[in-house]
Each structure stands twice: as structure tokens, then as C-alpha cells.
Amino acid sequence: MTAALDRVKAVADAVLYEGYLLYPYRASAAKNQVRFQWGVLTPPAYAAGGTGEHEWSQAELIAEPAPDGVLRVLLRFLQLQKRVVEVAARPVPSATVDGVEYTTWEEAVEREVDTVVPFSALRTEIRVPFQVGGGEDVEQVRDDTRLVRRRAGLSGELRIRAVDLPDPFGGLKLRLRVENTSGWAEPGATRPDALAHSLIAAHALLSTSDGHFLSSADPPEWAARVTEECVNERLWPVLVGDTVLCTPIILNDHPEIAEESPGTLYDGLEIDEILTLRTMTLTDEEKRQARATDARAAELLDRVDGLSPDLLDRLHGTIRYLRSVTGTPEPEVEPTTVTVGGVAVGEGSRVRLRPVKRADAHDMFLAGRVAVVRAVLFDVDDVCHLAVTLEDDLGSDLYAQHGRYRYFGADEVEPL
């Protein structure tokens, strides 16, 4: 596994465990009764019952491979594992042994299906069936207490095909379809029943060592039309370096895990600082229950409880400029100026705020207020942004020390 693919897998893991275990991380929490919302592919019989679920997903995108290039497809998903606490051979909600609590819970096991196929073979659809075995594992905690983990077997299929684009463009339209082909069927089954036989958080990584993929969000002009004709159903192709992440969650190209994030918090669309602080406020009893719920919850609590002030401070107020996406070094905050109405405006200039119609309500409330320019910044499109603090705000110096500014365009201020 290359370092580049490892970075892609780090992003994919955030998708894999999106909503796996929601704050406050206890099995008894109401929102943890409805889990696994993304990328769920149920057995066909359950999907056909008007449940709103689906047994397949599909991504289409444009590839420009070398004549002898090969495609690697790495399918990843979670398999549900039911962990049951048994005391004297009878299932119970929980049990405490030697001061440690064990809770009946639904865990998840990571699964991968890795296949490599030449692009030249894809003019005819390639089908790659796969199976994941079920099973039962027993962990004896005490003579009369044990944990029983049960998994249902799964079966599925990858269907891969490529179609040549018309001349003179060249390239291929590549289709990846992921299907749950499990034969399980049970009249009146509930969603939790079906989840035990589902591919959960299913997504795929596509890579090739000879050639490249085109962006589905921002293709070159020549490929715009054929890209618009691509059909993506419950999977969206996202460029991550030279690899494509086909994800059930729509992301922008080249997503990254924030370097300040010390680890996943599992809660959807997480903001690390807020969730970390909230987790710190859990009582000892709540933390005990969370640790009993899941090993990942216990690891999360250990990490949060051991977070140093320096690491916690890194989570606060980080800003990344658009230039960093292009590989161009981020601009230093220097006393540059921009001309507004014939007047040079720079660091320390006093201006009156005149938000334009595109501004949101928060900006419109500041119309007419006097502000002090703290920095003149330019984004990747060389559009000017003025970082300001309000002159009559008693906390303006404190905000400036932490780099917490309000931002206005050069056409939204009046020099004073």
C-alpha cells in the first residue's frame, strides 16, 4: 500500500465510520438507536419491499488510461456484528465483572474486496462476485459470563465496465456498480434485521499507475458534456490526488483530514473542538457507560481525557486559504494595500462597512459600522478580502490576537 493510498484511506475511514457511534457514545442514547445511514446496501428482497433502501449503488466517471493500463478497485464496507452479553447462558442487556461493565451492542467489522483488471478487458462488463463469511466468536469473561459475537454471511458483486468515448477525445467512460446479492429474506423484517445482512458504508477506491481520472465536479471543457451524462447513484466519484474515492457522501475534490484532528469522533460532520469539549463534560458515570458500549468509544474517551492544552488549542480557529489547495505557499499576513475609491487601504486603515446585496444577514447588520483593517488578503482567484475588526468592539484586540476576523470585499468598504 503506497503512502498516497494510505492518505486516501484515511479520508475513506471518515466516510466508513460516519455516524458509527454518535455523541454521547452510549448504547442507551436515543440517536444511537438509529445508526448506519450512509452507503447501506441491503439484500434485494428487503429493498424490493418498499422500504426506501437499495441493494446497489453506482459511480460513473471519465478515465484516460495508458493502452496497457490496469485498474485497481478496492471496495470497503462494514459488516455488522452483534455482541451479546450472556450470564448463565442467558442474554442480558449488560453485566459488570470485576468493576468492568459489558453491554450488549452492535459492533462493525471492516471488510475489503480488492481486485485488479486491465482496462482493455473492460469493453465487456467484468463481474467480480465476493462473499464474506458469517460466524460466531465467544469471549469468556468469567465462568458464568461471556460475550458472544455473531455475524451473518454476506454476498455481493462488483460490476465494472468501460465504454470508449467518441473521437477525437479518446478516454473511457468507466462504470462501477456495487451490489448486495445476499439471498436473505424474512417477511416483515425490520431495518435492524436487514442491517445484519447489509453492506454498510460501502465505498470504493479506484487507482491506476498508468493514466489518470478526470474530475467529475470540474472536468476540462472537452469532457464537460460526457461528464454531465455520467449516472451516479448513491456513489459520487471524488478525486483524492491521483486516486478516486467513490463515496456515498458527496465531497469536494481533494478532501483531507485536518492535521489538527487527533482522531475520529464518529459524529456526522464533526467539529473536533466542540465535540471534544462536550465529551470532556461527560460525568464519570456517563463515561463508564460509553466505555462499556464500544471499544472505539473507550479509545475515544482515553484520547480526549489525555488531550494536552497545546493539542486542544490547535483545534481552535484554524484558517486555511484557498492558495494551499493549488500547492502555492500560503501568503503571509503583510501590510499590503488595495486601492478603494482612490485611497490606499491597508493594515490599520479605518473604513465604514457597506455590505452589498450578496452579503448574509450577519453582515447586513453591520452596515454603517466603522471597522479597522487588520490584513489585506487575496485568494487563489486574486480576489481581495479585507480582514477587519469593529472599532467599537471592546473585544477587537482579543479577536485580532487569535486571528478571528470579519471578512469583506474591497467593494464593501468606504475609506475614512
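The values are calculated or read from the model by the stated rules, or taken from the named source; none is laboratory data. Since the model is a prediction, treat every value here as computed from it, not as a measurement. Heads up, the Cβs are rebuilt from the backbone with ideal geometry, glycines too, and the neighbour counts pull from every protein chain shown. Ligands, DNA and RNA are stripped out before the accessible areas are found, and what is left, the full protein with its side chains, is counted by its heavy atoms. Shrake-Rupley method; radii C 1.70, N 1.55, O 1.52, S 1.80 Å.
One table, with the values for the structure above:
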| read-out | value |
| --- | --- |
| Residues within region 167-193 that are within 17 Å of L78 (Cβ to Cβ) and either part of a helix (DSSP H, G or I) or open to solvent by 60 Å² or more (accessible area, probe 1.4 Å) (or both), tallied | 3 |
| Residue check, R76 part of a strand (DSSP E or B), on the phi < 0 side of the Ramachandran plot, open to solvent by 70 Å² or more (accessible area, probe 1.4 Å) and of a type outside the set (S, T, Y) | no |
| Strands (runs of 3 or more DSSP E) wholly inside region 306-396 that include at least 1 residues being in contact with a His (Cβ under 7 Å, 6 or more places away or on another chain), open to solvent by less than 90 Å² (accessible area, probe 1.4 Å) and at pLDDT 80 or above | 370-378 |
| Subset of region 1-53 that is within 24 Å of D193 (Cβ to Cβ) and aromatic (F, W, Y) - its residue that is modelled with the highest pLDDT | Y46 |
| Residues of region 239-284 classified as within 27 Å of L206 (Cα to Cα), of a type in the set (A, V, I, L, M, F, W, C) and in contact (Cβ under 8 Å) with a residue 12 or more places away in the chain, total | 11 |
| Some residue of region 398-413 being in a loop (DSSP other than H, G, I, E, B), aliphatic (A, V, I, L, M), at negative phi and out of contact with any Asp or Glu (no Cβ under 9 Å at 6 or more places or on another chain) | no |
| Residue check for R288: open to solvent by 70 Å² or more (accessible area, probe 1.4 Å), modelled with pLDDT under 85 and either farther than 19 Å from G19 by Cβ or among the basic types (K, R) (or both) | no |
| Hits in region 180-193 (condition: farther than 20 Å from I249 by Cβ and modelled with pLDDT of 95 or more) | T181, S182 |
| Test: A223 is touching a residue at least 40 places away in the same chain (Cβ under 8 Å), open to solvent by less than 50 Å² (accessible area, probe 1.4 Å) and more than 30 Å from R159 (Cβ to Cβ) | no |
| Residue in region 78-98 that is under 24 Å from A217 (Cα atoms) and aliphatic (A, V, I, L, M) present | no |
| Which listed residue is acidic (D, E), open to solvent by less than 20 Å² (accessible area, probe 1.4 Å) and farther than 18 Å from N232 by Cβ, from E86, E64 | E86 |
| Those strands (runs of 3 or more DSSP E) lying entirely in region 101-166 with at least 2 residues open to solvent by less than 30 Å² (accessible area, probe 1.4 Å) and of a type outside the set (V, I, T) | 105-118, 154-164 |
| Subset of region 226-261 (residues that are open to solvent by less than 50 Å² (accessible area, probe 1.4 Å), in a strand (DSSP E or B) and of a type outside the set (S, T, Y)) | P237, V238, L239, V240, V244, L245, C246 |
| Odd one out for I271, checked against (1) hydrophobic (A, V, I, L, M, F, W, C); (2) over 13 Å from the mean Cα position of the chain (by Cα); (3) at pLDDT below 90 | (2) |
| Matching residues, region 1-31, being touching a strand residue (DSSP E or B) at 6+ places or on another chain (Cβ under 8 Å) and not in a loop (DSSP other than H, G, I, E, B) | A4, L5, R7, V8, K9, V11, A12, V15, L16 |
| Qualifying residues in region 70-101 (those that are acidic (D, E) and over 32 Å from the mean Cα position of the chain (by Cα)) - the one farthest from E286 (Cα to Cα) | E86 |
| Residues that are within 13 Å of I62 (Cα to Cα) and either open to solvent by less than 20 Å² (accessible area, probe 1.4 Å) or at pLDDT 95 or above (or both), drawn from region 194-207 | L206 |
| Yes/no for A45 being over 19 Å from the mean Cα position of the chain (by Cα) and of a type outside the set (S, T, Y) | yes |
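Every residue, every condition in (1) open to solvent by 50 Å² or more (accessible area, probe 1.4 Å); (2) within 24 Å of I160 (Cα to Cα); (3) touching a helix residue (DSSP H, G or I) at 6+ places or on another chain (Cβ under 7 Å); (4) among the aliphatic types (A, V, I, L, M), yes or no:
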| residue | (1), (2), (3), (4) |
| --- | --- |
| A12 | no, yes, no, yes |
| Y23 | no, no, yes, no |
| R26 | no, no, yes, no |
| N32 | no, no, no, no |
| P43 | no, yes, yes, no |
